[in-house]
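Some notes on the structure that comes next.
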Amino acid sequence: MKKLAIFDFDGTLFDSVDDVVKSFNEALTVYGFPTVTREEYIGKLGGNIDEIVSLMLKDNATPENLESFKNTYLKIYYGSKKENSIPFPGTYETLKELESRNVFLAINSNRFTDSIESFVEKFFGDVDFLSIEGHDFDIPTKPSPEGINRIIEKAGVCAEDSIFIGDSSTDIETAKNAGIDCLIVKWGYGNEKDFENDHVLEDIEEISEILKYF
């Protein structure tokens, strides 16, 4: 049985993409760039904010545009109410059940750490997360295993006792690079190709299905 559960954030614990796309399009409009659909944005997910912005701006992705647009987007996003960003059904209950089984809980995401912490405080205030490893400009982001490695070291467990739960190919590669098992959720922003990856132990329909591993 596993002792450490490491979760991706967007598309795994939280349904958050609609608020991101709304703010992203507001920023694109400021610069007169073409807006994007939800599906177009999801198709570019996986990297950190710099990588996503670069992919979305396409031919407009000059160094000056990237930095200016990113700052505008972040100002809009952080100032928004983010009313559509909520946990997926059953997430809180499953986290509390894992906690009752003395499982270490952690998050490893390419979202900024302070943003993750604000959502955790709002919706999971009484859930004890051992560690939240978000995006930091000084540290490589997923699929680098550095975040997972720090979490495992802090938990004091071995790789074999740890499992990563995510929704995308980036999460699979992160788990593979860290040498730990991986579960993929089907309610997130991944696709059928991700579900069929050889490194995935199982693709799951409901979050409570992960409990059998702990």
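The values are calculated or read from the model by the stated rules, or taken from the named source; none is laboratory data. On a predicted model such as this, the values are computed, not experimentally measured, just so you know. Positions of Cβ are backbone-derived with ideal geometry, glycine not excepted, and every protein chain shown enters the neighbour counts. The protein model used for the area step is the full one, side chains on, heavy atoms only, and it has no ligands, DNA or RNA in it. Shrake-Rupley method; radii C 1.70, N 1.55, O 1.52, S 1.80 Å.
Report in % the part of the accessible area of the chain that belongs to carbon and sulfur, leaving out ligands and nucleic acids; probe 1.4 Å.
On the way: 4910 of 10220 Å².
In the chain, the share of accessible area belonging to carbon and sulfur is 48 percent.
Once fully extended, how much extra length lies between Lys22 and Glu205, figured as 0.36 nm per residue of separation less the alpha-carbon to alpha-carbon distance?
63.2 nm
Full extension of the chain segment joining Tyr213 with Glu93 gains 41.6 nm, where the gain is 0.36 nm per residue of separation less the Cα-Cα distance. In this structure, the amide hydrogen of Cys182, modeled 1.01 Å from its nitrogen in the peptide plane, lies closer than 5 angstrom to those of Phe164, Leu201, counting only residues at least 5 positions away or on a different chain. Mean separation of Cα pairs under 8 Å and 6 or more residues apart, divided by the residue count, gives the chain a relative contact order of 27 percent.
Once the Cβ-Cβ distance of Ile76 and Lys122 is raised to the sixth power relative to R0 = 25 Å, the FRET efficiency obtained is 0.80.
Rounded to the nearest 20 debye, the dipole magnitude of the range 1-65 is 280 debye, with +1 charges on Lys and Arg beta carbons, -1 on Asp and Glu beta carbons, and the Cα centre as origin.
Calculated mean residue ellipticity at 222 nm for the chain: -12500 deg cm²/dmol, from DSSP H runs with n ≥ 4 weighted as -39500 (n - 2.57), summed, divided by the residue count and rounded to 500.
Amide H contacts of Glu133 (H built 1.01 Å from N, in plane; Pro and chain starts excluded): Ile107, Asn108, Ser109 sit under 5 Å, all sequence-distant by 5 or more or on other chains. Each of Ile42, Gly32, Phe7 was placed along the dipole of the range 5-50 (beta-carbon charges, centred on the mean Cα), and the one lying farthest toward the positive end is Gly32.
In this Cβ point-charge picture (+1 for Lys and Arg, -1 for Asp and Glu), the chain has a dipole of about 360 debye about its Cα centre.
Once the Cα atoms are used to define both axes, helix 17-30 deviates from the longest principal axis of the chain by about 20 degrees.
Shown here for the range 21-95: trypsin sites (Lys or Arg not before Pro) in loop regions (DSSP other than H, G, I, E, B) with at most 15 other Cβ atoms within 10 Å, namely Lys44, Lys81. Charge dipole (Cα centre; +1 on Lys/Arg Cβ, -1 on Asp/Glu Cβ; no other charges) of the range 28-121 amounts to roughly 140 debye.
Classify the range 58-113 as rounded, prolate or oblate from the Cα gyration tensor: take a ≥ b ≥ c as the square roots of its eigenvalues, call it rounded if a/c is under 1.5, otherwise prolate when a/b beats b/c and oblate if not.
Prolate.
Solvent exposure of the range 37-149 amounts to 53 Å² per residue of accessible area, where only protein heavy atoms count and the probe is 1.4 Å.
Quick one: angle between helix 91-100 and the longest Cα principal axis of the chain, in degrees between 0 and 90, rounded to 10, please. For helix 91-100, the angle is close to 30 degrees.
Rounded, prolate or oblate: which fits the range 56-202 when a ≥ b ≥ c are the square roots of the eigenvalues of the alpha-carbon gyration tensor, with rounded for a/c under 1.5 and prolate only if a/b beats b/c? Since a/c reaches 1.5 and a/b is larger than b/c, the shape of the range 56-202 is classed as prolate. Pairs of Cα atoms nearer than 8 Å and 6+ residues apart set the relative contact order; for the range 98-204 it is 20 percent.
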